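K.L.:
Before anything else, here's the structure in question.
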Amino acid sequence: MLAGCTPWPEDFAARYRAAGIWRGLTVPEVLEQTIAAVPDKVALIDGERALTYMELGQAIDQLACAFVRRGLKPLDRVVFQLGNSADLVVAFFALLKAGAIPVLALPAHRHSEIGHFLAHTEATAYLIPAEVRGFDYREMARDLAREFPALRHVFVDGEPAEGQADLRMLMAERTEARVADEMLAARKPPADEVALMLLSGGTTAIPKMIPRTHDDYAYNFTQCATATGVTGDTVFLAVLPMAHNFTLACPGTLGVLAAGGMAVIAPATNPETVFPLIERHRVTMVCTAVPLVTSWLNSDVPERHDLSSLDVLMNGGAKLVPELRRRIEERFGCRFMESFGTGEGLLNNTRYDDPEELRFHSSGRPISAEDELRVVDLLGEEVPDGTPGELQVRGPYTIRGYYKAPEANAAAFTPDGFYRMGDVVKRLDGYLYVEGRMKDLVNRGGEKISCEEVENHILAHPSVAEACVVAMPDKVYGEKACAFIITRLGAHLDFDGLIEFMAARKIAKFKLPERLEIVEAFPISPAGKILRRELRARIAAKLEREGQAC
Ligand code: AMP
């Protein structure tokens, strides 16, 4: 296994293999089974472009060979930041077939985050779109290439800048099928090798990388597809960022392709884009997040379209309130499914046939019988069912450690290998109910903001003496970030000044605080720690008074 990763102990691995959970297949091999079974079926639709399974497989192999010829080596890390497109799917699989490890960044990440991914993974390549909504990724890549000499290749999906390569030219290179087969067979990793790295929506100052193996990730998306009723008849709409774990593999594009269904790629998330696509392609499954589905519910666009094909609408990333779950079923004429999961592994879903009470109120139950869950109190003792406690999990697709992060691992995993999710849940009859969390982050409608990471950016401001970032309630996003700041003696700071300063630090926009509270002092516990809970309560009460809270 790649150095810096923690394998499952051998007895667990043997058990998962014997039970047929780890099938010894790489992620591309799972797709190849579908290609062999239904070669002429349409796998992907991107605008007017439709790719059959056979065409998808060929495009992947051709690009994989081009990557090998460019010098990508087995286990090379490749920061992957493509936007939603068929090219994203082709390039993702092509990297895996070339034996490289994509590190899945989000379109919103900027210099600060990408620089960290490049440094931490020592990536040799970086895949970007040319420009999206006025942001030029090529310029960012050029700056980063100067800083990181290990970065040998920048591949651009679009017109490249000087010194960068055109991904579409690579895609157009032809390799004879027999030669390609030989070339790629030599690159096939063992199934217990790391396939990709996801980014943790965690709490530390620097985002952690989640190494997922072929065995574990293949099980993640095939098992999630089974649990959520995905079949060859599923038409899936990919609308959130496709390189995020939820849209990629929970069950996501990968789960749908493994089952022989079809994935339709939405170029934007607004109702004017989404609902015509549902009608046109007879979409059956849409996976979305709190702010998005709230905006769809507040729009009159859905009424103007035939949504009779829509069978399942799934929410993930943050809890959706029961009232909105009910409205989704009523307005869109579909089943609602809640997905409560994590990039580190564990996935819970409500099931299609669950009674209303569970569909509207619970956070679902684990997708696998092999998921071992514990709900514990502050001393680590298991609590009885119905009592809230911290959720800990171990299982065949929950990692045993982050990539090259011994300190974070010591805090995030118990000595017997359980991952501390940091969520406070209640368990009843096998179903979970998320009640709160112990970790310091802001869950902005599914996008996680590490308080510590943002505080460090704020602390760099010359007027700031101390900073504490907490979640404040928001009607649409559930939570947004509020920065409590103590300024230096005599210094002045206003909201616009803070935001301008932080934006200049080139961080993802969703992490910027959305409110500033200047204070004289922070509430402190007897042990000298900032009482974040008190600050959260203070801003919630203030918003309530202002009539802005939920
Ligand atoms: P990530 O790994 O970035 O997907 O974040 C995982 C975290 O998101 C979980 O530990 C929860 O805190 C939160 N989360 C995800 N889905 C839900 C949900 N349906 N309800 C409540 N919290 C959720």
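K.L.:
Among the residues of segment 500-550, how many are part of a strand (DSSP E or B) and under 30 Å from ASP136 (Cα atoms)?
P.N.:
Result for segment 500-550: 2.
K.L.:
When only residues in segment 428-454 that are open to solvent by 60 Å² or more (accessible area, probe 1.4 Å) and not acidic (Asp, Glu) count, which is farthest from GLU338 (Cα to Cα)?
P.N.:
Step by step, filter segment 428-454, then rank; the result is MET438.
Yes/no per residue for (1) part of a loop (DSSP other than H, G, I, E, B); (2) surrounded by 24 or more Cβ atoms within 10 Å (Cβ to Cβ); (3) of a type in the set (A, V, I, L, M):
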{"residue": "ALA180", "(1), (2), (3)": "no, no, yes"}
{"residue": "ARG187", "(1), (2), (3)": "yes, no, no"}
{"residue": "PRO190", "(1), (2), (3)": "yes, no, no"}
{"residue": "MET197", "(1), (2), (3)": "no, yes, yes"}
{"residue": "GLY201", "(1), (2), (3)": "yes, no, no"}
{"residue": "THR204", "(1), (2), (3)": "yes, no, no"}
{"residue": "PRO211", "(1), (2), (3)": "no, yes, no"}
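K.L.:
Tell me yes or no: at least one residue of segment 17-28 is within 24 Å of ARG178 (Cβ to Cβ), of a type in the set (Gly, Ala, Ser), outside any loop (DSSP other than H, G, I, E, B) and at pLDDT 95 or above.
P.N.:
no
K.L.:
Test of understanding: among LEU379, LEU373, LEU320, which residue is under 15 Å from GLU435 (Cα atoms) and among the aliphatic types (A, V, I, L, M)?
P.N.:
Exactly one of LEU379, LEU373, LEU320 is under 15 Å from GLU435 (Cα atoms) and among the aliphatic types (A, V, I, L, M), namely LEU320.
K.L.:
Next question. ALA3 is checked against (1) closer than 14 Å to VAL89 by Cα; (2) open to solvent by 40 Å² or more (accessible area, probe 1.4 Å) and fails just one. What number does that condition carry?
P.N.:
Every condition holds for ALA3 apart from (1).
K.L.:
Next up: Which count do you get for residues in segment 144-165 that are more than 15 Å from ALA94 (Cα to Cα), among the charged types (D, E, K, R) and not in a loop (DSSP other than H, G, I, E, B)?
P.N.:
Adding up the residues that qualify gives 2.
K.L.:
Return the residue satisfying two criteria in turn: it lies in segment 225-267 and is among the hydrophobic types (A, V, I, L, M, F, W, C) and within 20 Å of VAL194 (Cα to Cα), and of such residues it is farthest from the ligand (Cβ to nearest atom).
P.N.:
ALA258
K.L.:
Out of all the residues in segment 296-324, which are over 21 Å from the mean Cα position of the chain (by Cα) and polar (S, T, N, Q)?
P.N.:
The answer is ASN298, SER299, SER308, SER309.
Condition check ((1) touching a Ser or Thr at 6+ places or on another chain (Cβ under 6 Å); (2) closer than 16 Å to LEU144 by Cα; (3) open to solvent by less than 10 Å² (accessible area, probe 1.4 Å)) across all residues:
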{"residue": "LEU82", "(1), (2), (3)": "no, no, yes"}
{"residue": "LEU88", "(1), (2), (3)": "no, no, yes"}
{"residue": "ALA94", "(1), (2), (3)": "no, no, yes"}
{"residue": "ALA98", "(1), (2), (3)": "no, no, yes"}
{"residue": "ILE101", "(1), (2), (3)": "no, no, yes"}
{"residue": "ALA105", "(1), (2), (3)": "no, yes, yes"}
{"residue": "ARG110", "(1), (2), (3)": "no, yes, no"}
{"residue": "ALA119", "(1), (2), (3)": "no, yes, no"}
{"residue": "ALA123", "(1), (2), (3)": "no, yes, yes"}
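K.L.:
Step by step: first the residues of segment 1-40, then only those that are in contact (Cβ under 8 Å) with a residue 60 or more places away in the chain and in contact with a strand residue (DSSP E or B) (Cβ under 6 Å, 6 or more places away or on another chain), then the one that is farthest from ALA98 (Cα to Cα). Which residue is that?
P.N.:
CYS5
K.L.:
Could I ask something else about it? For segment 135-166, enumerate the residues that are touching a residue at least 60 places away in the same chain (Cβ under 8 Å) and open to solvent by 50 Å² or more (accessible area, probe 1.4 Å).
P.N.:
Scanning segment 135-166 gives a single hit, ARG152.
The values are calculated or read from the model by the stated rules, or taken from the named source; none is laboratory data. These figures come from a predicted structure and were not determined experimentally. Cβ sites come from the backbone with ideal geometry, for glycine too, and all protein chains shown count toward neighbours. The protein model used for the area step is the full one, side chains on, heavy atoms only, and it has no ligands, DNA or RNA in it. Shrake-Rupley method; radii C 1.70, N 1.55, O 1.52, S 1.80 Å.
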